[in-house]
Amino acid sequence: MRYSFYEVYVTALRAFSGMGFPYGADEDAAFIIAWLELNNFNGIKLLVNSIDIIDNRYSGENKIDNNEFIINLKNSSVLMKGPALIDYFESKLGQKKKIEIIINNCLDAHYFIPLLYKISPKIIFSKLIYLNSNNKKMIYVFKKNLLQAGLSSHEIAIEKKQVKIIMSSEDDLFFLDKIKREISSSTMQNNLAKSLNPNIEDWEIIEKIAQRTFVPESEESRIKGAGGGDDND
Amino acid sequence: MLQKTPNHMTLERMGSRYPSRLSFSRSMLREMVKENWKIIKAKFDLDKDGYGTAVYELNTPNQIYSLVCFSQYIPEEDRSDRVIAEKWDTSYTLHSGKISEKNLDRLRQNIPLQEAGRSSANELVMSRANKSVRLFEKVIECLSEGLQPNIKEINAVGYLLRTTAVYGNGKFGMSDFVRTKTATHFSQPFRAEMLAVYIIREFSVDLVEHVAYHKNPSKAVKLSNNIKQHLGIGNSTGLGMAPFIIKHPTLIHQWMSQYEKTLNEIKLIKNIDKKQFNKFIKLLHKAKLYLDEVLTFDEYQKNKNYNSSVDLNKVIKHCEKISLNAGSANSWKELIEHCENNYNYDTQEIVKVQIIELFPSIADPLANDMSDEENMGIDTKQTILSLINLIKNKYDWAINIDFKKKNNTYLFWYISEEKLEPRLGERYNEKGAELEQPLGIGKMVNELYNFAINLPSTHKLNIAEFLLKFPEFRGIIRRIQTLSHYDYGEIKDNILSKQTLPLNMLRFKLSFFGASRYDPKSDRWLRVSFFAGAPFYDNLSSNNVDSWGFATMNSYN
């Protein structure tokens, strides 16, 4: 079944709230999932795969060590810690023109993609590198509402469960040798026209979690909550 | 230097608003006339009792849209205005493009089910409407006997069909607004919804005339224009509308800001033109007559209407004195300030919207810019101390509330399990408060303020550093920072208070839609009419497209 972006976002929002994410953190996490689903990254499936590490385990606090650009996520989800980290790095970009961040013990680096795309109008250039679950090196380049994914002949050392993020307030000479995928407002409009198509089994799992946020009806609440009385004349 | 925000966004003021030239129903009709949109009845396949399918095709310069109408029999006992209803007399969708048989079949399977059905990205609006038990059959009876219904009976109800929901923006699989505004004519909020409602009104009259004809082909007549034009399309509206205002603060700001910009430009005009002023006095008389004629059984609304009628009379007398002394240095600004100092909120608003009627060149371009990107962002570099000062300046109404008092946290907003609709519960009398929706902005601001003020060690941190440690404040900080540049984004009242009247929020939003004839049925839901007094498509022209506000029974003579 096909769904609108709004439906995916709202259902994810309710699911995050149902899993214990506070106001604001639930909005950021829902944005991540809906954006990934819209752009054919299987956001809903990824969320289902993350349930075990986030459900009733919300922990959004980030501790920064002496080297503020090396972060140990300790296998905690980017859905919980990612938004605040990206904000933090973006705030550092004012002091430096370019920053390089290494994030270790990161299980779900793909959740950084929507966050970096979202702030791309604010910063000139950013780059995300990680190994996916098949140990394939993933490289994403972000420039003002444009994402390019592809291959590079540049030697970039990266370890398993490690993420490299480079942010720059100047254009970077880095380029991809082969662009395998581009995302822009135009491709997103095309995807909106086709609607979103999450796997139905995954969707039902998320819908069920979203239902935790609903209040069951009593006759009293039906009458008081929505009005009643002379309703048919 | 931070500026104090104007106090236009208290609940009482919000609940005193009236439709204006900037309302979406008005701007949609103007666009229809300006671009010469054509409406044709492409299909009218109804049986003698009025059950079946109709399609109204709308031809715009670049695109075709189809309003698909399904009419079905439902037993009396199944007819309900409540959102929990599952059957409706009629159901509708606005489809982008000419309708194909395949799409019509798909929609026939889904649209009558409403929330239980599915739409596609080609559908922009979905709605349903029930027949007015008081009026629908009565009008058919009259027409089939060759008679016209009495306009007083029309005025007592106001519509033949009453919508109970008008959905858009991605609901139930429909097109997301971010797509709609790029790919269709409807770049402004709620224009597509208003178009659908306008054509449903056309259908309501076609429907009664069709049934009346088949009841008595030799005698049946059509509705005369003056009776017809007084008919609007009804709408029952409940709490579902209220959270929208809180969840879309930058959009709400844009609506209010355009309205205030209109008034501010008018206030700059130094002298009042005498001819224009006479027209204004006529508009005040029309509004007074409307208030005297409009019917409601709700005591609160009755009093509001009565008091406004009394005050309007005083304004009229005041203005008549001014007009006798033409040539003096009176201005619209002075008149507005006189009303703000002497009359109730409803009267002030009526005066303002009627003044705006006189200045289409100012108001109409602003009415075409009511949209907003709705980007809410975090300013990572602001310090906590600066945020505290911002809160003191912009949210003084919130930080001065004592939330330890039960009356100030009496209500909570939640989503009901049965229909996924927003509801209002009583925190200390009902279950479910632990699942409260984050709509109590005043309380959240208050909590953040007290937390930060009592933790001086955070005052030098910037927001990014603070949120690393305290992510639970992420949502409210993003809101406060974003709205620091939006004077009208926030309701400046505690909506969790026992004294909150949710109707005020509904009326605020409905006024921007262009709804009239407010008829509250409780403190949480009401009935209104859309397009009451507006010309039907056959008579619509540039001469009458903007002359139907505050329609009265003698407006069509």
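General observations
- When the strands (runs of 3 or more DSSP E) confined to the stretch A:145-233 are screened for residues that are at pLDDT below 95 and either facing another protein chain (nearest Cβ under 10 Å) or loosely packed, with under 14 Cβ neighbours inside 10 Å (or both), those reaching at least 2 such residues are found at A:178-183.
- Residues of the stretch A:8-31 that turn out to be under 19 Å from B:Phe177 (Cα atoms), of a type outside the set (Gly, Ala, Ser) and touching a Leu at 6+ places or on another chain (Cβ under 8 Å), as a count: 2
- Answer from B:Glu447, B:Glu418 - the residue that is at the interface with chain A (Cβ under 9 Å from one of its Cβ atoms) and either assigned to a loop (DSSP other than H, G, I, E, B) or at pLDDT 95 or above (or both): B:Glu418
- Those residues of the stretch B:365-390 which are farther than 24 Å from A:Lys122 by Cβ and either among the aromatic types (Phe, Trp, Tyr) or crowded, with 18+ Cβ neighbours inside 10 Å (or both), in sequence order: B:Leu366, B:Ala367, B:Met370
- Leading residue by the ranking (farthest from B:Val445 (Cα to Cα)) among those in the stretch A:8-25 that are surrounded by fewer than 22 Cβ atoms within 10 Å (Cβ to Cβ) and within 7 Å of chain B (Cβ to nearest Cβ): A:Pro22
- Among the residues making up the stretch B:218-257, those that are hydrophobic (A, V, I, L, M, F, W, C) and more than 30 Å from B:Gln148 (Cα to Cα) are B:Leu239, B:Met241, B:Ala242, B:Phe244, B:Ile245, B:Ile246, B:Leu251, B:Ile252, B:Trp255, B:Met256.
To keep it simple, each residue is scored yes or no on (1) within 14 Å of chain A (Cβ to nearest Cβ); (2) hydrophobic (A, V, I, L, M, F, W, C).
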{"site": "B:Leu366", "(1), (2)": "no, yes"}
{"site": "B:Asn375", "(1), (2)": "yes, no"}
{"site": "B:Asp396", "(1), (2)": "no, no"}
{"site": "B:Ile399", "(1), (2)": "no, yes"}
{"site": "B:Lys405", "(1), (2)": "no, no"}
{"site": "B:Phe412", "(1), (2)": "yes, yes"}
{"site": "B:Arg423", "(1), (2)": "yes, no"}
{"site": "B:Asn429", "(1), (2)": "yes, no"}
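- When residues of the stretch B:502-548 are limited to those that are in a loop (DSSP other than H, G, I, E, B) and of a type in the set (S, T, N, Q), the one surrounded by the most Cβ atoms within 10 Å (Cβ to Cβ): B:Ser522
- Scanning the stretch B:450-466 for residues that are within 13 Å of chain A (Cβ to nearest Cβ) and either more than 39 Å from the chain's Cα centre (by Cα) or under 21 Å from B:Lys394 (Cα atoms) (or both) gives B:Leu461, B:Asn462, B:Ile463, B:Glu465, B:Phe466.
- Selection count where residues are assigned to a helix (DSSP H, G or I) and either without any contact (Cβ under 8 Å) to a residue 24 or more places away in the chain or facing chain B (nearest Cβ under 7 Å) (or both), scope the stretch A:84-100: 6
- B:Lys352 at negative phi and surrounded by fewer than 17 Cβ atoms within 10 Å (Cβ to Cβ): no
- Criterion applied to B:Asn303, B:Asn330, B:Asn344 was being touching a residue at least 12 places away in the same chain (Cβ under 8 Å) and either more than 18 Å from B:Asn7 (Cα to Cα) or among the hydroxyl-bearing types (Ser, Thr, Tyr) (or both), and the one residue passing it is B:Asn330.
- Listed by position, the helices (runs of 4 or more DSSP H) inside the stretch B:206-293 whose residues that are touching a Gly at 6+ places or on another chain (Cβ under 7 Å) and within 28 Å of B:Asp519 (Cβ to Cβ) number at least 1 are B:225-230, B:249-267.
Results for (1) in contact with an Asp or Glu (Cβ under 9 Å, 6 or more places away or on another chain); (2) in a loop (DSSP other than H, G, I, E, B); (3) closer than 23 Å to B:Asp538 by Cα, shown as yes or no for each residue.
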residue: B:Arg13; (1), (2), (3): yes, no, no
residue: B:Tyr18; (1), (2), (3): yes, yes, no
residue: B:Ser25; (1), (2), (3): no, no, yes
residue: B:Ile40; (1), (2), (3): yes, no, yes
residue: B:Lys43; (1), (2), (3): yes, no, yes
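- Which listed residue is crowded, with 21+ Cβ neighbours inside 10 Å, under 26 Å from A:Ile101 (Cα atoms) and not charged (D, E, K, R), from A:Leu38, A:Leu73, A:Leu46: A:Leu73
- Taken over the stretch A:36-58, the criterion of being within 21 Å of A:Asn191 (Cα to Cα) and within 12 Å of chain B (Cβ to nearest Cβ) is satisfied by A:Leu38 alone.
For (1) closer than 30 Å to B:Val221 by Cα; (2) in contact (Cβ under 8 Å) with a residue 24 or more places away in the chain; (3) among the aromatic types (Phe, Trp, Tyr), each residue gets a yes or a no:
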{"site": "B:Leu67", "(1), (2), (3)": "yes, yes, no"}
{"site": "B:Gly97", "(1), (2), (3)": "no, yes, no"}
{"site": "B:Asn103", "(1), (2), (3)": "no, no, no"}
{"site": "B:Met126", "(1), (2), (3)": "no, yes, no"}
{"site": "B:Ala129", "(1), (2), (3)": "yes, yes, no"}
{"site": "B:Phe136", "(1), (2), (3)": "yes, yes, yes"}
{"site": "B:Ile140", "(1), (2), (3)": "yes, yes, no"}
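- Selection from the stretch A:102-126 of residues that are buried (at least 22 other Cβ atoms within 10 Å of the Cβ) and in a strand (DSSP E or B): A:Ile103, A:Ser126
- Any hit, the stretch B:102-111, residues being at negative phi, part of a helix (DSSP H, G or I) and within 24 Å of the chain's Cα centre (by Cα): yes
- Which numbered condition B:Ile477 fails, given (1) within 11 Å of another protein chain (Cβ to nearest Cβ); (2) out of contact with any Gly (no Cβ under 7 Å at 6 or more places or on another chain); (3) surrounded by fewer than 19 Cβ atoms within 10 Å (Cβ to Cβ): (3)
- Within the stretch B:124-183, being small (Gly, Ala, Ser) and either within 22 Å of B:His230 (Cβ to Cβ) or away from chain A (no Cβ under 11 Å) (or both) holds for B:Ser127, B:Ala129, B:Ser132, B:Ser144, B:Gly146, B:Ala156, B:Gly158, B:Ala165.
- From the list A:Ser91, A:Ser120, A:Ser4, the one residue that fits, being touching a Lys or Arg at 6+ places or on another chain (Cβ under 7 Å) and within 26 Å of B:Arg179 (Cβ to Cβ), is A:Ser120.
- Matching residues, the stretch B:184-201, being in contact with a strand residue (DSSP E or B) (Cβ under 8 Å, 6 or more places away or on another chain) and either within 14 Å of chain A (Cβ to nearest Cβ) or over 19 Å from B:Ser96 (Cα atoms) (or both): B:Thr184, B:Arg201
Listed here are the residues, each with its yes/no results for (1) farther than 11 Å from B:Lys498 by Cα; (2) of a type in the set (A, V, I, L, M, F, W, C); (3) in contact with a strand residue (DSSP E or B) (Cβ under 6 Å, 6 or more places away or on another chain).
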| residue | (1), (2), (3) |
| --- | --- |
| B:Asn408 | no, no, no |
| B:Ser416 | yes, no, yes |
| B:Leu420 | yes, yes, no |
| B:Arg423 | yes, no, yes |
| B:Asn429 | yes, no, no |
| B:Gln437 | yes, no, yes |
| B:Ile441 | yes, yes, no |
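The values are calculated or read from the model by the stated rules, or taken from the named source; none is laboratory data. Every value quoted in this text rests on a predicted model; they were computed, and no experiment measured them. Please note: Cβ atoms are built from the backbone with ideal geometry, for glycine as well, and neighbour counts cover all protein chains shown.
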